[in-house]
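This report concerns only the one structure given below.
Read-outs throughout are calculated quantities, based only on the coordinates presented, and are distinct from any laboratory measurement. Remember, it's a predicted structure, so these values are computed and weren't measured experimentally. Positions of Cβ are backbone-derived with ideal geometry, glycine not excepted, and every protein chain shown enters the neighbour counts.
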């Protein structure tokens with residue numbers, strides 16, 4: 001699982017340090033007080049069945065045990081002592097596009113924020129990098145040094161194949177995780193046949209879809225004749241961007257794609273954080289997780 005990983009150069013290590021310094025304040029402010037609500041709301045496991053006590057919630061009564069024992073018994077649960085956060089990071093050809101930063105760069109920095117937040121709260125964090133196949137897996141572990149290793153491996157990774165197999169990555173994540181975990185999928189979701197695999201993953205785990213788009217994918221500038229190239233298939237298309245009708249058709253198609261993606265994620269029941277390469281991500285990330293925290297406290 002080491003394909004595409006270059007030797008860890010001093011430049012990569014400098015990038016790791018720069019990301020840690022750049023995101024330190026965000027890691028502190030983003031999850032202080034809300035981390036438990038954001039990521040641990042569903043992190044509970046069955047503990048035992050005990051006799052009913054005054055004040056217990058009647059909804060927790062185990063009716064089968066109560067019938068056998070002749071008196072009411074309730075199920076009790078405890079919060080899992082540790083949580084596993086798996087970062088599923090797309091490094092296919094389509095995410096290498098973007099300005100002022102590539103979509104892949106934005107995804108890696110957001111992944112770094114999440115990894116450092118998990119380490120700060122003594123949770124396990126791992127990563128799964130994919131393109132046409134599963135390119136790299138970093139097994140989940142605890143601690144700041146391990147979180148920095150995850151960031152280092154994400155930065156050092158260089159994709160060898162431009163294609164996308166998002167469905168395969170989601171299936172692999174399902175097999176990889178033995179216990180209920182939080183899975184953050186960082187991708188533009190420009191792939192086919194991933195919906196059922198995401199639904200299956202979300203049935204067993206808490207899933208957050210973090211999408212990254214670039215404005216030039218949404219609306220082309222008036223730049224004359226432009227040759228467009230599909231980053232994954234290599235297919236080329238010559239487009240006259242001076243024609244307003246052409247730009248409108250492309251914008252409508254892009255809007256339809258993003259709307260359909262958002263609708264599908266909502267129907268599956270996963271949280272969706274929509275980011276852009278030309279906008280700061282901190283505020284969008286904060287708003288999305290604040291909404292999630294409020295919902296899970298209800």
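Restricted to the stretch 267-293, and to residues that are within 25 Å of residue 203 (Cβ to Cβ) and surrounded by fewer than 12 Cβ atoms within 10 Å (Cβ to Cβ), which residue is farthest from the chain's Cα centre (by Cα)?
Checking each candidate, the answer is 267.
With the checklist (1) touching a residue at least 12 places away in the same chain (Cβ under 8 Å); (2) within 21 Å of residue 255 (Cβ to Cβ); (3) surrounded by fewer than 19 Cβ atoms within 10 Å (Cβ to Cβ) in hand, flag the one item residue 237 doesn't pass.
The single condition residue 237 does not satisfy is (1).
Tell me, please, whether a residue that is part of a loop (DSSP other than H, G, I, E, B) and more than 25 Å from residue 163 (Cβ to Cβ) can be found in the stretch 246-254.
no
Any residue at all in the stretch 168-183 that is closer than 18 Å to residue 285 by Cα and outside any helix (DSSP H, G or I)?
Yes, the stretch 168-183 has at least one match.
Rundown of residues vs (1) part of a strand (DSSP E or B); (2) in contact with a helix residue (DSSP H, G or I) (Cβ under 8 Å, 6 or more places away or on another chain), yes/no style:
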{"residue": "50", "(1), (2)": "yes, no"}
{"residue": "54", "(1), (2)": "no, no"}
{"residue": "67", "(1), (2)": "no, no"}
{"residue": "74", "(1), (2)": "yes, yes"}
{"residue": "86", "(1), (2)": "yes, yes"}
{"residue": "99", "(1), (2)": "no, yes"}
{"residue": "108", "(1), (2)": "no, yes"}
